[in-house]
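Below is one structure; the comments refer to it alone.
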Amino acid sequence: MWRRLRSALRRLRGSPAAFLAGGGRLPAARGAMERAVVRCVPSEPKLSLRFVLPDGSARHMQRDQAEPLGRALARIATNAAKGRAKAAKKSKKARAEGGPAGEVAAAPAVRLFSRDGEAVAEEVPNAAAWQDGAVLQIGEAQYRVERNPPALTELQLPRSLLAGFPVCPKVSAEFAAPQHCLFRWYREQRPAAGGEAAAGADGPAWVEAAAAERVFTPSNALVGLRLKLRCTPGDGAQRYGPPREVESSGPVEAGPGACTFDCRHLYTKKVCGEGSVRAVSYNILADTYAQTEFSRTVLYPYCAPYALELDYRQNLLKKELAGYSADLICLQEVDKSVFVDSLAPALDAFGLEGLFKIKEKQHEGLATFYRRDKFSLLSQHDIAFSEALLSDPLHKELCDKLAKYPLVQEKVLQRSSVLQVSVLQSTTDPSRKICVANTHLYWHPKGGNIRLIQIAVALSHIKHVAWDLYPSIPIIFCGDFNSTPSSGTYSFINSGGIAEDHEDWVSNGEEERCSMPLSHPFKLLSACGEPAYTNYVGGFHGCLDYIFIDKNALEVEQVIPLPSHEEVTTHQALPSVSHPSDHIALICDLKWK
């Protein structure tokens, strides 16, 4: 390739030295410099280079990172010469006359200078040569090299906007972080008295609507108007990339008024102080289950159809979760798309980092969020119960016992239930570590025996993490356990053991009896006690959700009261226009003993 380039360049202008040489110092710039944008990522074999030639043509080049700089400069010179030749041809046609046939434009001198003005040697690899602040010279034109400048790769607004509810954009960026980006919010100008909306030559007129904040909460005054966001990516080092704009697909709509969580927010206006942890556990009702004919007609016939729509529920959910000012949030029934496109971007804006574990056979799973300025993630130890039971030696004894009951074993192994385990470390006191577990056990009312096996696997795995891998760290175990306080699962967690003759071993009849004693070494306490219900639907209400804590290491500072029965039943049951799920969030403040 280099041989072909040299041959082409000799035809153009004698030898490569003519345009690669020309002095070792950078000549003084004439006017403002153009940009030459370089994207160079260590994990990729090539770097990209984008710039606009003096003739106005844009160039986007891909070069091997290990290639000598001289080859890249030679290619630029060739491109520049071709551009000049095309420009000359156009000029000749315009004048209807020209120079002698076969005349070829001369290749311009092409050089790269370091930030201190020294010419970069041709043998330097591209990856090392193209540094931020270097100057590329093509003939008389000079370009300031911007290596890996901040750039937006995605900017989206939610489809549904409600007055009084936070609008959290989805921002994805390269070489930038959303917290360092600049945000400006605009609203459509209100239509004039005659009914015609004010508009400029390029569409509707926009008026700045809010201070430069990442999250914007539209007021009732903006109902009926669309929003626009302008985002400029930044990297926290005073470098900013080109801005992008996005307009909402529809106008702001009126909110539902009072919600079930409004009174709870009065207790959680501020983040807990140092040494305390606010934990939330919440089954948020997966869209994959809410958006079925069975859900609309049988499970939740009392719920207005629009209130079951994902976009509507997400508005409520984001406001509810943000208002709890939590340090730890464990969610169940989280659709993967909801986590990626909605919850993770929204809670990131409120200082929370998210982790996700999907159920392999479903499109939903578990999500754990932790406050970044309080905790850092040390490690993750997620498992699927059925897989762990079969393959992890930790559970061999249990697996062997279960093999005696093939009907039950088959059902256990068919389940896709998972356990999410995250080890976090305090950012202010590195000696303080905590094991946060999150799960959603099998749902069937007659599946008590299945849940006992699942919770035995869970506690054995948590013991391995919190006792063997990180000796003596406290645990917080959240989830939808699908078990009331009178169940064998709750009793087992709470007491540390269960007898082989417990009635839950025959929860689905004698043919599925599965009798074995189980024990675990933890001293666990339900931090929020045993509420009358955490799940309230038309045909059932009961306590299924818990936040279990290690009572040797943690104690409860306060439990945030659940909504009143009147609030829960205002629209008959849950979910409703004022509550996004069929479950109720559990919230408590904990502190180290």
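The values are calculated or read from the model by the stated rules, or taken from the named source; none is laboratory data. Computed from a predicted model, the values in this text were never measured in an experiment. All Cβ positions, even for glycine, are placed from backbone atoms using ideal geometry, and neighbour counts span all protein chains on display. Note: accessible area is taken over every heavy atom of the protein model, side chains too, but ligands, DNA and RNA are not part of it. Shrake-Rupley method; radii C 1.70, N 1.55, O 1.52, S 1.80 Å.
Relative contact order of the chain, taken over Cα pairs closer than 8 Å and 6 or more residues apart, is 11 percent.
Modelled spin labels at Lys551 and Trp592, positioned 7 Å past Cα toward Cβ, are 2.2 nm from each other. Amide hydrogen proximity for Cys588: with H placed 1.01 Å from N in the peptide plane, the residues at 5 or more positions away or on another chain lying under 5 Å are Ala279, Ile560. Cα axis of helix 310-323 to longest principal axis of the chain: angle in degrees, 0 to 90, nearest 10? Rounded to the nearest ten degrees, it is 80.
With N the number of residues in the stretch 283-348, Rg(Cα) / (2.2 N^0.38 Å) evaluates to 1.16.
Express the relative contact order of the stretch 261-592 as a whole percentage, based on alpha carbon pairs under 8 Å and six or more residues apart in sequence. List each step's numbers first, then the result.
On the way: 680 pairs, mean separation 71.2, N = 332.
That works out to 21 percent.
For Cys263, project a label point 7 Å along Cα to C-beta. Then give me every residue of the stretch 563-577 with its amide nitrogen under 18 Å of that point. Under cut-off, by backbone N: 563-574, 576-577. Surface listing: Ser416, Ser295, Ser519 arranged by accessible area from highest to lowest gives Ser519, Ser416, Ser295, probe 1.4 Å.
Annotation: extensible slack from Lys361 through Ala403 equals 12.8 nm (criterion: 0.36 nm per residue apart, minus Cα-Cα distance).
Computed 3J(HN,Hα) for the stretch 73-82, one whole-Hz value per residue from the Karplus formula 6.51 cos²θ - 1.76 cosθ + 1.60 where θ = phi - 60°, is 5, 5, 5, 4, 4, 4, 4, 5, 5, 4, glycine and proline marked x.
Taken over the chain, the convex hull of the Cα atoms encloses 231 Å³ per residue.
Quick check: residue separation of Thr292 and Asp341 times 0.36 nm, minus the Cα distance between them. What number comes out in nm? Intermediate results must be reported in sequence, preceding the final value.
On the way: separation 49, 0.36 × 49 = 17.64 nm, distance 2.13 nm.
Difference between extended and current length: 15.5 nm.
At the residue level, Ile475 shows approximately 0 square angstrom of accessible surface with a 1.4 angstrom probe and all protein chains present.
For the stretch 261-592, what is the accessible area per residue in Å² when the probe is 1.4 Å?
Working: 12750 Å² over 332 residues.
On a per-residue basis, the stretch 261-592 sits at 38 Å².
The largest accessible area among Arg372, Arg264 belongs to the first residue in Arg372, Arg264, and the rest follow in falling order (1.4 Å probe, all chains).
The long axis of helix 448-463 is offset from the longest Cα principal axis of the chain by roughly 60 degrees. Using a simple spin-label model with pseudo-atoms 7 Å out from Cα toward Cβ, Glu387 and His444 lie 2.3 nm apart. For the pair Arg190 and Gln572, label points projected 7 Å from Cα toward Cβ lie 3.8 nm apart.
Our note on the geometry: Cα centres of the stretch 324-364 and the stretch 515-556, 22 Å apart. Measuring only protein heavy atoms, the 1.4 Å probe finds Leu469 accessible over about 80 Å². On the chain, 51 percent of the accessible area sits on carbon and sulfur atoms, based on a 1.4 Å probe.
Would you mind getting me the FRET efficiency between Val559 and Glu274? Use the beta-carbon distance for r and R0 = 25 Å, nearest 0.05.
Values: r = 20 Å, r/R0 = 0.82.
Calculated transfer efficiency: 0.75.
Evaluating 6.51 cos²θ - 1.76 cosθ + 1.60 at θ = phi - 60° for every residue in the stretch 350-362, the Karplus couplings come out as 9, x, 10, 9, x, 10, 10, 9, 8, 7, 4, 8, 10 Hz, glycine and proline recorded as x. At a Förster radius of 56 Å, what calculated FRET efficiency corresponds to the Cβ-Cβ distance of Asp64 and Glu510, to the nearest 0.05? Step by step, r from the Cβ atoms, then E = 0.20. For Tyr546, neighbours were defined as the other residues whose beta-carbon sits under 11 Å from its Cβ, and their charges (Lys and Arg +1, Asp and Glu -1) total -3.
The loop-placed chymotrypsin sites (Phe, Trp or Tyr not before Pro) in the stretch 296-395, going by DSSP, that have at most 15 neighbouring Cβ atoms within 10 Å of their Cβ come out as Tyr302. You can think of it this way: the chain between Ser43 and Thr428 has 135.3 nm of extra reach, that is 0.36 nm per residue less the Cα-Cα gap.
Computed with a 1.4 Å probe over protein heavy atoms only, the accessible area of Val298 comes to about 80 Å². Under the convention that each Lys and Arg Cβ holds +1 and each Asp and Glu Cβ holds -1, the size of the dipole of the stretch 261-592 around its Cα centre is about 540 debye. At most 14 other C-beta atoms within 10 Å and a DSSP loop state: those are the exposed GluC sites (Glu not before Pro) I care about. Give me the longest piece of the chain that has none. Looking at the chain, 361-499 is the longest stretch - no exposed GluC sites (Glu not before Pro) with at most 14 other Cβ atoms within 10 Å.
Note on the stretch 261-592: Cα-Cα pairs beyond 25 Å make up 49% of the total pair count.
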